[in-house]
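Have a look at the structure below, then the notes.
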Amino acid sequence: MNKSITIHGWHIHHHEKLIYHANAGTPSFRLKFFQYPPYRQTVAIRKHPNKCQIKSKGQNMYFVFHQKVGSKGIISLERIIDIHPLPSFHTITENWGKISCIPDKLKQKYQQKSSYWPLHTKTIQNITDQQWFHTDDLSLWVQSASRNIKEKIRYSEKQETRLGAEQAYLTGIGDCDEFTDLFITFARMRGIPCRRLTGYFIKITPDINAEPHAWAEIFSSTLGWLPIDIPLRNLGSHYINYIILKIEEFNPSLPEYQIHTTQSTTVHSQWETPPPSITPITLNSHNLLH
């Protein structure tokens, strides 16, 4: 790709479908799948999935398909979305504020633990004995936590299944999920509001390579929510490369697709969810697409 071309956003084409067959009767399906939220990005639906409604919960958006269907067939979920990320740039030299200045009510809101974020396990609790953990300056705390996590997860390699913070801490292996889960666990143990974002990270090389990705956001009393992506060495900035699909605050593992049906014992179904095709929106292609 010509490096002189400025990328303004991303043209995302999803081709998912549900193939089903009922042994008897005509079932009703309720499908739920996530839509890109208008958080740190502008979102325009160019092709709407057939017979789907858009709903929201908190900052997340999702499509819902709910109707009676025939005894067998294919439900197409094809859709085309234009995403324009809204970059923001913050550095570790700025004033991120003090942890003690974060409102107690907000700290308490983000104290939930889970199997992925085990706040009270003895395995990880010994981190609280280290001096850096009690630093009050948020920027310094994040830098120390980042260094500690990179020392713990020595083997950065893609995992078939998400291990969670404790397994990453014990085994020293993981990918973006484990870096993020361990950071969220450390932050919540320290009383810092922290949450998980998932979506895609776009590697801009001669070809466009979009990879599913997870990263964290931490709350600063002076700057608001700040992205933290330890394996990509990004502390504080949201770049054009990030596409957000889900924001996981209180449920650490929101499934991208959910299916409910009547006559569940007699209905056989199979999702086909190939990766979306993602192409850049440049000045010239923007004019063509719009």
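For the stretch 117-138, the candidate set comprises residues that are touching an Asp or Glu at 6+ places or on another chain (Cβ under 7 Å) and either in a helix (DSSP H, G or I) or without any contact (Cβ under 8 Å) to a residue 24 or more places away in the chain (or both); within that set, the residue that is nearest to Ile184 (Cα to Cα) is Ile124.
Among the residues making up the stretch 80-110, those that are surrounded by 12 or more Cβ atoms within 10 Å (Cβ to Cβ) and among the acidic types (Asp, Glu) are Asp82, Glu94.
Look at the stretch 14-35: where a residue is assigned by TED's automatic domain parsing to the domain that holds His260 and a partner is among the basic types (Lys, Arg) and surrounded by 19 or more Cβ atoms within 10 Å (Cβ to Cβ), sitting 6+ places away or on another chain with Cβ atoms under 7 Å, you get His14/Arg79; Phe34/Lys246. Evaluation of Tyr242 against the conditions (1) aromatic (Phe, Trp, Tyr); (2) buried (at least 18 other Cβ atoms within 10 Å of the Cβ); (3) out of contact with any Gly (no Cβ under 9 Å at 6 or more places or on another chain) shows that the sole unmet condition is (3).
The values are calculated or read from the model by the stated rules, or taken from the named source; none is laboratory data. Source: prediction; values computed, not measured. No Cβ is skipped: glycine too gets one built from the backbone with ideal geometry, and neighbour counts run over all protein chains shown.
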